[in-house]
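Participant: Below is the structure I would like to discuss, written out as structure tokens.
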Amino acid sequence: MPGAVVDRFDFFLSRRGSVATVAQEVADVLTAADYKVIVQDYDIPLGASFVEAMHEGVKTARDLIILLTRDYEQSPYTRKEFFSFEAERLRDERERHIVVLRCDDAPLRGLLADSVYQNLVGIAEPEERRRRILAAAERRSSAERPQRRRGRTFVGVPPRIAGFIGRADELDRLDAILTQDRRAAVTQVGRAAVQGMGGVGKTTLAVEYANRFRGLYDGVWWCPAETRAGLMTSLAALATKLEAASPEEADVEKAAQAALRRLAEQGDIWLLVYDNVASPEEIDGLLPAAGARALITSRFLDWSDWADEVLLDVLPIADATAFLEGRAGRNDETGARTLAEALGRLPLSLNHAAATCKRTQMSFAAYAAKASSLIEAAPRGAPYPRSVAATFDLAIDDAVAQCPAAEALMAFLAFCAPERIPLTLLEGAIDGETERMEALAALAELSLVKHDPFEDGAPAMTAHRLVQAVARARADRKGTAQGAVVRLIARLAALYPDDGYNNPASWPRCAPLTPHLLASCQTETAEPATNLKRAALLHRAGSYFHGRGAYSQARPLFERALAIREKALGPEHPDTAASLNNLAGLLQAQGDLEGARPLFERALAIYEKALGPEHPHTAASLNNLARLLRARGDLVGARPLYERALVIYEKALGPEHPDAARSLNNLAHLLQDDGDLAGARPLYERALAIREKALGPEHPEAATSLNNLAGLLQDEGDLAGARPLYERALAIREKALGPEHPDTAGSLNNLAGLLQDEGDLAGARPLYERALAIYEKALDPEHPDAATSLNNLADLLQDQGDLAGARPLFERALAIREKALGPEHPDTATSLNNLAKLLQDQGDVAGARPLFERALAICEKTFGPEHPTTTAIGNNLANLPSRAR
């Protein structure tokens, strides 16, 4: 229009000198895309010509690109650029935009909150950075755009200590490290570690900081971090809060990482408190890269390579004295000083002493005398200061004086894990609800326990780990420890689900109980019945981890359960057989077929002898052994076992039982492997119908049937019929088991294979790659399932003409199979055949021939000379040129 200003530049780049290299990168990307860009460094001395150039650039550039950093608004020059452009934009008739490229964890606030936005934080891959820069230039905001804050999140932070006093220097140092301190910025994640001996007040300082400085953060999330599993569970809950993962996510570590990525991508700044970390290795890979400050409390002595340290000592005598007087509500400086010195000025001990003195009106001097005698009598070498033992013992004495049942409840709590304890679990400590609640109230009044509900609002309690340690020693001294463990194990046996292996719906109930199950099962009792309950609980927890794909966590639990049962029941008991079966199944899942076979055979022999040849448990063992034989390529040996198991199930449980469906499915799979597609199909269809009716259409076992039936249709050439079954199976597994589960990887592999058969190589490749990544992470890079993924991806690369890329994958798959399955396994033959075909395509006939010959020999021995697989490899060998092309 007449008089309108003509754009001389597409973009004016506004930034601080701290991101000069990013500015050059952005300018290069935009210039290569034929955009005109003006870039100036406003950290150099300014002159009149510079001001004029800036003025003209702001007026004549179409858009302003801000490379946003935390120091951007601290410069008067960048502020002038921004406000000048905003003023011009509002007056201009042209459509002009402010575009933000976020370069560190600076939040988008004020006038920047609604700007076009792309995030470069944590993005290292050059092509992805280029894509985001160009998307910003095209005025397209990231799908990960942070939303305007609707209110600060403040979750899991324990209650503040009443009358907190002192620690001003430590709080100031924390503030300096976690906010604007440049030395903290050198670590790139603004984290601090608070360290010191037990009872010195590390957690209390973190609680006070979180409350006092909460206004500086958009969210505060407290993570119990005594164990890596506990930390990951807390971060997984944060992922749900941030909508970075669903509550059904099976892989806790995957969800935890999703939470950290979301924090780095969004514009807000959070405080994460990792409480009571054992060592840096426990949180390796779980620290935020951006978007959050991590405050760590720990007894570990050297965090210098990980974080700026805040060293805590006991309280100065003046602060300790003032704290006692304030907390107890009295003026007695002399008595308070005496008591403070008696307790070593440890804040944890002082807090409990003050609470007791306040409630009982005991004088400080009298408490000091009692405490001193207890301290002298306390054994040396305990994992806590003797003053802690004295104060907690006196506090428990006081609680028991109020409510005698507090003794039993405290002993029960002592053998739980140092994590949140569901209130339903505490119902096992004391039968009467009124008495139980009175005991809880007495313990809470003396700060021995705290109400600490889960994120979903479910009621829970926590007890400090040192309180638990003192309570365990007290229970041992009073002879109540064994009774407390017996009651705890009995309550866990009543609460802990027994279907964790195959029912993802039970996982949310397993998760909060598992730490306490593992803690309680550390203690062997004198009661044989309780030890057998321990074995059953270890069996359930192992099945839960197995079902979630956490094989390394499941194995020691199955091994302990087996050892307990063999010792208590003998090597021929059916429960011992159950443990053998579980351990063998896990070994097979891990690829150890040689280790699994004798366990399966021993379990079958026990069941046949103890329960009879027609019992369903015998059928289950037959199925398991047959499945292993099929995995080893022994179809002849597996078939009669499958057939016998099916007859037993149908007779004992009925033809519509899910166990009968499992036998139908297994037998169909074997027939398919043997080339009998017509015989396999009705068995697959019948198994699917039974599972959908008995278990529901969204159950993982229904997904297994869908997957298997799709595979058969694919073998029959019915790709159109197979595809929706594969897709439905994948959707079920991703929802029920999570996107990182090995079964999900199996579905990805299968769907990718179908796409490859359809000629959609571009669509198949990312599915193969994702499946391989899952297998390598969840199982092992040397697992047979990883070899299958390598083989499939190599086959696709070969189809794409990338023979050089395919060869090392085929070779690696062959090496894995030879090692894990043996040199005579059919899967080894498949790898030999595939590698031979690639060598043939490369013109290496001499290298291909012995591989074809070896593969043919394996298949002739395993399947016979008339089997389709044998015939196909024989044809490959027959068609091999007599010499290289």
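Participant: For a label point 7 angstrom out from the Cα of Ala526 toward its Cβ, which stretches of the stretch 464-478 have the backbone nitrogen within less than 17 Å?
Facilitator: Hits in the stretch 464-478 for Ala526 at 17 Å: 475-478.
Participant: Specify the inter-centroid distance of the stretch 848-864 and the stretch 129-143, based on alpha-carbon positions, in whole Å.
Facilitator: Cα centres, the stretch 848-864 to the stretch 129-143: 54 Å.
Participant: Also: What nm value, rounded to one decimal, do you get for the distance between Lys241 and Ala490 when each label is placed 7 Å out toward the C-beta?
Facilitator: Here the modelled spin labels are 3.8 nm apart.
Participant: Lysines near Lys241 by alpha-carbon distance under 26 Å, same-chain residues fewer than 8 away left out - which ones?
Facilitator: Here the lysines satisfying the reach criterion relative to Lys241 are Lys254, Lys450, Lys735, Lys777.
Participant: Which FRET efficiency, nearest 0.05, do Ala762 and Arg89 yield, Cβ-Cβ r, R0 56 Å? Kindly include the intermediate steps, with their values, before the conclusion.
Facilitator: Working: r = 42 Å, r/R0 = 0.75.
In this case the efficiency is close to 0.85.
Participant: Ranked from highest to lowest mean number of other Cβ atoms within 10 Å per residue, what is the order of the peptides 201-210, 507-516? Walk me through the intermediate numbers first.
Facilitator: Values: 201-210: 22.5, 507-516: 20.2.
Highest-to-lowest ranking by the protection proxy: 201-210, 507-516.
Participant: Explain nothing, just the number: dipole magnitude of the chain about its Cα centre with +1 on each Lys and Arg Cβ and -1 on each Asp and Glu Cβ, in debye rounded to the nearest 20.
Facilitator: 1520 debye
Participant: Let me ask another. Any chance you could run the full-extension gain for Glu727 through Ala289? It's 0.36 nm times the residue separation minus the Cα-Cα distance, nm to one decimal.
Facilitator: Taking Glu727 through Ala289 to full extension adds about 154.2 nm, to one decimal.
Participant: Normalised by the number of residues in the stretch 583-702, what is the relative contact order in percent for Cα pairs under 8 Å and 6+ residues apart? Walk me through the numbers before you get to the answer.
Facilitator: Values: 143 pairs, mean separation 19.2, N = 120.
The normalised contact order for the stretch 583-702 reaches 16 percent.
Participant: Give the residue from Pro823, Ile858, Phe364 lying farthest towards the positive end of the charge dipole for the chain; charges sit on Cβ (+1 for Lys and Arg, -1 for Asp and Glu) and the dipole is referred to the Cα centre.
Facilitator: Phe364
Participant: Sticking with this one: Taking the Cα centre of each part, how many Å lie between the stretch 700-720 and the stretch 269-292?
Facilitator: Centre-to-centre (Cα) distance: 44 Å.
Participant: What label, among (1) 31.9; (2) 28.8; (3) 30.7, belongs to Kirkwood radius over Cα pairs in Å computed from the structure on display?
Facilitator: Comparing each candidate, only (1) matches the computed number.
Participant: Below 8 Å, C-alpha to C-alpha, sequence gap of six or more: please give me the relative contact order for the chain in percent.
Facilitator: Details: 1494 pairs, mean separation 52.3, N = 885.
With pairs under 8 Å counted, the relative contact order is 6 percent.
Participant: Hey, another quick one. Evaluate the distance, in nm, between pseudo-label points positioned 7 Å from the Cα of Asp456 and of Met437 along their respective Cα→Cβ axes.
Facilitator: Modelled inter-label distance: 2.4 nm.
Participant: Straight-line reach from Lys837: which lysines have a Cα under 26 Å away, not including same-chain ones fewer than 8 places off?
Facilitator: Reachable lysines: Lys819, Lys861.
Participant: When the helices in the chain are scored as -39500 (n - 2.57) per DSSP H run of 4 or longer and the sum is shared across all residues, what 222 nm value do you end up with, to the nearest 500 deg cm²/dmol?
Facilitator: When only DSSP H runs of four or more count, the value is -19500 deg cm²/dmol.
Participant: Please work out the FRET efficiency for the pair Ala401 and Glu341, using the Cβ-Cβ distance as r and a Förster radius of 25 Å; give the result to the nearest 0.05.
Facilitator: 0.40
Participant: Between Lys609 and Thr871, with labels modelled 7 Å along Cα→Cβ, what's the label distance in nm to one decimal, could you check?
Facilitator: 4.6 nm
Participant: About the Cα centre of the stretch 655-785, what is the dipole size in debye to 20, counting +1 per Lys and Arg Cβ and -1 per Asp and Glu Cβ, all else neutral? List each step's numbers first, then the result.
Facilitator: On the way: 12 positive and 24 negative charges, 86 e Å.
Rounded to the nearest 20 debye, it is 420 debye.
Participant: Pulled fully out, how much extra length does the chain show between Asp34 and Glu716, if you take 0.36 nm times their separation in residues and subtract their Cα-Cα distance? Don't jump to the answer; show the numbers that get you there.
Facilitator: Working: separation 682, 0.36 × 682 = 245.52 nm, distance 5.26 nm.
Separation in residues times 0.36 nm, less the Cα-Cα distance, equals 240.3 nm.
Participant: Let me know the charge dipole size of the stretch 411-489 about its Cα centre in debye, to the nearest 20, where only the beta-carbon of Lys, Arg (+1) and Asp, Glu (-1) is charged.
Facilitator: For this selection, approximately 520 debye.
Participant: So, for the chain, what is the accessible surface per residue at a probe of 1.4 Å, expressed in square angstrom?
Facilitator: Each residue of the chain exposes 42 Å² on average to a 1.4 Å probe.
Participant: Would you kindly state how much longer the chain becomes between Asn879 and Gln800 on full extension, computed as 0.36 nm times their sequence separation minus their alpha carbon distance, in nm to one decimal?
Facilitator: Contour length minus Cα-Cα distance gives 26.2 nm.
Participant: Suppose R0 equals 56 Å; then what is the FRET efficiency for Phe154 and Glu656 from their Cβ-Cβ distance, rounded to the nearest 0.05? Walk me through the intermediate numbers first.
Facilitator: Values: r = 52 Å, r/R0 = 0.94.
Calculated transfer efficiency: 0.60.
Participant: Ok, one more. How large a share of the accessible area of the chain, in percent, is made up of carbon and sulfur atoms when the probe is 1.4 Å and the other protein chains stay in place?
Facilitator: C and S fraction of accessible area: 51 percent.
The values are calculated or read from the model by the stated rules, or taken from the named source; none is laboratory data. Remember, predicted model here, so these are calculated numbers, not experimental data. Virtual Cβ from ideal backbone geometry, glycine too; neighbours counted across all protein chains shown. Accessible surface is based on the protein model in full, side chains and every heavy atom, while ligands, DNA and RNA are left aside. Shrake-Rupley method; radii C 1.70, N 1.55, O 1.52, S 1.80 Å.
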